[in-house]
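Enquirer: Here it is, the structure in full.
What follows is calculated from the coordinates using simple rules that are stated; it is not laboratory data. Computed from a prediction, not measured in an experiment: that's the story for all the values here. Using ideal geometry, Cβ is built from the backbone for each residue, glycine included, and neighbour counts are taken over all protein chains shown.
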């Protein structure tokens with residue numbers, strides 16, 4: 001994987017840099033370090049980009065579900081107002097409003113649950129990938145010390 005090659009280059013740069021006398025510090029070229037970090041960032045796994053997309057998609061789906069639920073509620077309220085003249089029609093309108101509200105809330109819950117499960121799966125996969133990379137970085141740091 002190219003990231004590991006870049007990390008090794010970063011380690012070599014630090015290991016081969018000039019040492020500051022009487023300390024454990026070293027002098028490294030800022031531009032070289034920043035270039036390597038930029039390359040590492042570009043090579044990071046697609047899961048990071050995918051996780052960002054999942055989060056944005058989840059937010060979009062939740063916003064759509066809320067808008068849809070609000071539209072259904074407004075439609076139900078408008079129906080109730082127009083049917084208020086007769087008692088039997090009014091009773092049916094209230095029943096229908098409750099059914100629509102329940103259906104809209106259930107639909108929103110299902111969409112939200114699905115989006116959360118999908119996002120959780122992607123984030124869990126990303127977490128495992130990042131843990132693996134972190135372990136390798138920590139191992140490299142231990143070897144460096």
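Enquirer: Relative to the first principal axis of the alpha-carbon coordinates of the chain, what is the inclination of helix 2-15, with its axis defined by its Cα atoms, in degrees from 0 to 90 and to the nearest 10?
Expert: 40
Enquirer: Same structure, new question: Compute the distribution of all C-alpha to C-alpha distances in the range 1-81, in bins of 5 Å from 0, and list the percent of pairs in each, rounded to whole numbers.
Expert: Each 5 Å bin holds this share of Cα pairs: 3, 12, 12, 11, 9, 8, 7, 6, 6, 5, 5, 5, 4, 3, 2, 1, 0.
Enquirer: State the extension gain, in nm to one decimal, for the chain segment bounded by residue 60 and residue 4, taking 0.36 nm per residue of separation less the distance between their alpha-carbons.
Expert: Here the segment from residue 60 to residue 4 would lengthen by 16.6 nm.
Enquirer: Would you mind giving the three semi-axes, in whole Å and largest first, of the ellipsoid equivalent to the range 1-43 according to its Cα gyration tensor?
Expert: Working: eigenvalues 105, 22, 7 Å².
Three semi-axes, in Å: 23, 11, 6.
Enquirer: How high is the relative contact order of the chain, in percent, with contacts defined as C-alpha pairs under 8 Å that are six or more residues apart?
Expert: 26
Enquirer: Report the normalised scattering of the range 71-145 as log10 I(q)/I(0) at q = 0.16, 0.17, 0.24 Å⁻¹, calculated by the Debye formula with identical scatterers on the alpha carbons.
Expert: -0.72, -0.76, -0.99
Enquirer: State, to one decimal in nm, how far the label point of residue 110 lies from the label point of residue 141, with both points 7 Å from Cα in the Cβ direction.
Expert: 4.7
Enquirer: Starting at 0 and stepping by 5 Å, how many percent of the alpha carbon pairs of the chain end up in each bin?
Expert: Final binned percentages: 2, 8, 11, 11, 10, 8, 7, 7, 6, 6, 5, 5, 4, 4, 3, 2, 1, 1, 0.
Enquirer: By counting other Cβ atoms within 10 Å of each Cβ, how are 20, 72 ranked from fewest to most?
Expert: Ordered from fewest to most neighbouring Cβ atoms within 10 Å, 20, 72 come out as 20, 72.
Enquirer: On a 0 to 90 degree scale, rounded to 10, what angle separates helix 30-43 from the longest Cα axis of the chain?
Expert: Around 40 degrees separate the two axes.
Enquirer: Where does helix 46-82 land angle-wise versus the long Cα axis of the chain, in degrees 0 to 90, nearest 10?
Expert: Here the helix axis deviates by roughly 10 degrees.
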